[in-house]
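Peer 1: Have a look at the structure that comes next, please.
The values are calculated or read from the model by the stated rules, or taken from the named source; none is laboratory data. Small disclaimer: the values here were computed from a predicted structure and weren't measured. Here the Cβ is made from the backbone with ideal geometry for all residues, glycine too, and neighbour counts use every protein chain on show.
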């Protein structure tokens, strides 16, 4: 049997900042809820992204590189810019 190192799976969940004068964005609220409730045995990292695509994609790639996640899931707002 092969011994694997004690690796904790990491999950990066993103949501978008509010836009168009709104106080909140549902995608960010969902991401924050995951951070609060957690998942057994999984490290959860949440990152709020700007809603401007050219800025958000850069922030997303920086977060992936920074945290070296092995899973990626992005929450999406039902109403977008």
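Peer 1: Can you tell me which residues in segment 31-50 are at pLDDT 90 or above, touching a strand residue (DSSP E or B) at 6+ places or on another chain (Cβ under 7 Å) and under 29 Å from residue 6 (Cα atoms)?
Peer 2: Passing the criteria: 31, 32, 46, 47, 48.
Peer 1: Scanning segment 29-55 for residues that are in contact (Cβ under 8 Å) with a residue 24 or more places away in the chain, more than 12 Å from the chain's Cα centre (by Cα) and not in a loop (DSSP other than H, G, I, E, B), which turns out surrounded by the most Cβ atoms within 10 Å (Cβ to Cβ)?
Peer 2: Within segment 29-55, the match that is surrounded by the most Cβ atoms within 10 Å (Cβ to Cβ) is 42.
Peer 1: If you don't mind, another one. Would a scan of segment 61-75 turn up a residue that is at pLDDT 85 or above and in a strand (DSSP E or B)?
Peer 2: Going through segment 61-75, the residues at pLDDT 85 or above turn out to be 61-63.
Checking which are in a strand (DSSP E or B) leaves us with none.
There is no residue in segment 61-75 that is at pLDDT 85 or above and in a strand (DSSP E or B).
Peer 1: Which of the residues that make up segment 15-28 are surrounded by 14 or more Cβ atoms within 10 Å (Cβ to Cβ) and out of contact with any helix residue (DSSP H, G or I) (no Cβ under 6 Å at 6 or more places or on another chain)?
Peer 2: Our first condition is that a residue be surrounded by 14 or more Cβ atoms within 10 Å (Cβ to Cβ); within segment 15-28, this holds for 15-19, 25-28.
Scanning segment 15-28 gives 17, 18, 19, 25, 26, 27, 28.
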